[in-house]
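Reviewing the structure listed below.
The values are calculated or read from the model by the stated rules, or taken from the named source; none is laboratory data. Note that the structure is predicted; figures quoted are calculated from it, not measured. Neighbour counts are summed over all protein chains in view; Cβ atoms, including those assigned to glycine, are modelled from backbone coordinates with ideal geometry.
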Amino acid sequence: MKIFLILGAINAVLAVALGAFGAHGLEGKISAKYLEVWKTGVLYHMFHAFGLFIVAFLAGRFPESSLIQASGWVMLIGILLFSGSLYVLSTSGIKILGAVTPFGGVAFIVAWILIIIAAVKWL
């Protein structure tokens, strides 16, 4: 499905740009602890940008699979909740945002499980 290819590319661009911003724009402006939190957000952002590419490939190969499409949307929600909350937490210091991050992590897990279920159905 073309939308997941586009979303994967957009998120890969954002992950690279935010990684560079963290390395060059935030160094010395936020604590080392929050810089590590930022890096974690970027790392998971990029992993799941590539996950969206995988979803795009699988959706093209198995267009009838609603599980694959659902996986892509859940993965995107995971990027927004997990990485997004870590980016905002790092730059604002608002600790309550750390409570949002696990929901993004659960979304990542659910997205990958949906792919597993879809694969098992194909076997």
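Residue count for region 88-115 under the criterion of being farther than 30 Å from Ser66 by Cα and surrounded by 20 or more Cβ atoms within 10 Å (Cβ to Cβ): the result is 2.
Which of the residues spanning region 1-37 are aromatic (Phe, Trp, Tyr) and either closer than 30 Å to Ala118 by Cα or under 13 Å from the mean Cα position of the chain (by Cα) (or both)?
Phe4, the sole residue that qualifies.
Look at (1) within 29 Å of Trp122 (Cα to Cα); (2) acidic (Asp, Glu); (3) modelled with pLDDT of 95 or more and you find that Glu64 fails only one, number (3). Which is closer than 20 Å to Gly93 by Cβ and among the β-branched types (Val, Ile, Thr), of Val55, Val37? After applying the criteria, what remains is Val37.
Taken over region 31-52, residues that are surrounded by fewer than 18 Cβ atoms within 10 Å (Cβ to Cβ), in contact (Cβ under 8 Å) with a residue 24 or more places away in the chain and not polar (S, T, N, Q) amount to 2.
For first residues located in region 61-80 and part of a loop (DSSP other than H, G, I, E, B), partners that are surrounded by fewer than 24 Cβ atoms within 10 Å (Cβ to Cβ) and lie 6+ apart or on another chain with Cβ distances below 6 Å form the pairs Ser65/Ala118. Considering only residues that are β-branched (Val, Ile, Thr), in a helix (DSSP H, G or I) and in contact with a Leu (Cβ under 8 Å, 6 or more places away or on another chain), which ones fall in region 95-111? If the condition is that a residue be β-branched (Val, Ile, Thr), in a helix (DSSP H, G or I) and in contact with a Leu (Cβ under 8 Å, 6 or more places away or on another chain), then Thr101 is the only one that fits. Looking across region 78-123 at every residue that is over 10 Å from the mean Cα position of the chain (by Cα) and aromatic (Phe, Trp, Tyr), the one that is farthest from Ala15 (Cα to Cα) is identified as Trp122. Within region 44-77, can you find the residues that are of a type outside the set (Phe, Trp, Tyr) and either in contact with a strand residue (DSSP E or B) (Cβ under 9 Å, 6 or more places away or on another chain) or under 18 Å from Val13 (Cβ atoms) (or both)? Passing the criteria: His45, Met46, His48, Ala49, Gly51, Leu52, Ile54, Val55, Ala56, Gly72, Met75, Leu76. Residue count for region 1-54, restricted to those that are assigned to a helix (DSSP H, G or I) and either basic (Lys, Arg) or touching a Pro at 6+ places or on another chain (Cβ under 9 Å) (or both): 3.
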